[in-house]
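Encoded as structure tokens, the structure appears first; notes follow it.
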Amino acid sequence: MTEQNKSDQAQNALENVEHAVDQAQSHPTADKINEAQNAVAHAEISVRQADESSQAGALSQQLNEEKESLNGLND
């Protein structure tokens with residue numbers, strides 16, 4: 001798999017996290033929060049796999065921002 005493809009997959013996973021976190025924020029049910037947590041776990045793997053790419057730093061930062069948003073729902 002090429003570095004660009006891994007970066008694209010990581011970006012797609014982060015977009016899924018963003019959507020899942022938005023849903024969890026607007027409808028903070030246990031199911032929505034769990035879905036967002038699962039999306040984060042998947043994105044973490046994708047970002048780790050894309051670590052060799054030039055965009056890895058930006059992807060990691062975006063993932064951390066989404067995780068912080070999600071963690072705010074659990075407080």
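The values are calculated or read from the model by the stated rules, or taken from the named source; none is laboratory data. All figures in this text were calculated on a predicted structure; none of them were measured in a lab. So basically every Cβ, Gly included, is an ideal-geometry build from the backbone, and we count neighbours across all protein chains shown. Please note that ligands, DNA and RNA were not included when accessible areas were found on the heavy atoms of the full protein model with its side chains. Shrake-Rupley method; radii C 1.70, N 1.55, O 1.52, S 1.80 Å.
The chain has equivalent-ellipsoid semi-axes of 24, 11, 8 Å, by the square roots of 5 times the alpha carbon gyration tensor eigenvalues, sorted largest first.
Only helices enter the 222 nm calculation for the chain: every DSSP H run of n ≥ 4 contributes -39,500 (n - 2.57), and dividing by all residues gives -29000 deg cm²/dmol, rounded to 500.
Which angle between 0 and 90 degrees, to the nearest 10, do you get for helix 30-49 versus the longest principal axis of the chain when only C-alpha atoms count? The answer is roughly 10 degrees.
Compute the acute angle (0 to 90°) between the alpha-carbon long axis of helix 3-26 and the principal axis of greatest extent of the alpha-carbon atoms of the chain; round to the nearest 10°. Tilt of helix 3-26: around 10 degrees. Against the longest alpha carbon principal axis of the chain, how many degrees, from 0 to 90 and to the nearest 10, is the axis of helix 56-74 turned? That helix lies at roughly 10 degrees to the long axis.
Of the residues Ile33, Gln62, Gln11, the one whose Cα sits farthest toward the positive end of the charge dipole of the chain, with +1 on the Cβ of Lys and Arg and -1 on the Cβ of Asp and Glu, is Ile33. The fraction of accessible area contributed by carbon and sulfur in the chain is 41 percent, rounded to a whole number (1.4 Å probe; ligands and nucleic acids excluded). Rolling a 1.4 Å probe over the protein heavy atoms gives the chain an accessible area of 63 Å² per residue.
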